[in-house]
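What follows draws every value from the coordinates through simple rules; no lab data is involved. The model shown is predicted, which means the values in this text are computed figures rather than measured ones. Every residue, glycine among them, receives a Cβ derived from its backbone with ideal geometry; neighbour counts consider all protein chains shown.
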Amino acid sequence: MLHRSWIKGMAIVLVLAMSSLTFVSVGWTDTASEAGKTPNSAGLQAASWLLTLPYGGAKVAMALVGGVVGGLTYAFSGGNKEAAKKVWKPTMYGTYVITPEHLKGEKPVHFIGTDEKINS
């Protein structure tokens, strides 16, 4: 019984810790954090890594589905590459990894890709 309650408690702590990382104030960062010498920069690195896991997974899933749908578009349109690209570009291009620059608002996140932004 004690083992089960301990696991539940740890799960709650982990969920709260992960959710609190999404609310990290961008005002906490300063110019020294860009050099990677402050606890804030370490926190931003950790937060960006933790946010990349679900975001990157969703982006990769979207790219895989887009690749298949784009391939089917190509096949069913009689080899029309432009039609397939209209599916491939928005689903396969874009941001795959969240960085501290994204969290600080210095760099935009592009879930839907454009011609200009390839894996930014």
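For the range 41-56, backbone phi angles converted through the Karplus equation (6.51, -1.76, 1.60; θ = phi - 60°) give residue-by-residue couplings of 5, 5, x, 5, 4, 5, 5, 5, 5, 5, 6, 5, 4, x, 5, x Hz, Gly and Pro being listed as x.
When you restrict to C-alpha pairs under 8 Å that are six or more residues apart and normalise by the size of the range 59-120, the relative contact order lands at 32 percent. Scalar couplings 3J(HN,Hα) for the range 90-96, obtained by applying the Karplus form with A = 6.51, B = -1.76, C = 1.60 to θ = phi - 60°, are x, 8, 9, 7, x, 8, 10 Hz; x denotes Gly and Pro. Here r is the Cβ-Cβ distance between Lys81 and Ala58 and R0 is 30 Å; the resulting FRET efficiency, rounded to 0.05, is 0.65. From the Kirkwood radius over Cα pairs of the range 45-116, Stokes-Einstein at 4 °C and 1.567 mPa s returns a whole-number translational diffusion coefficient of 99 µm²/s. Residues whose amide H lies under 5 Å from that of Ile98, counting only those 5 or more places away or on a different chain, are Thr52; hydrogens are built 1.01 Å from N in the peptide plane.
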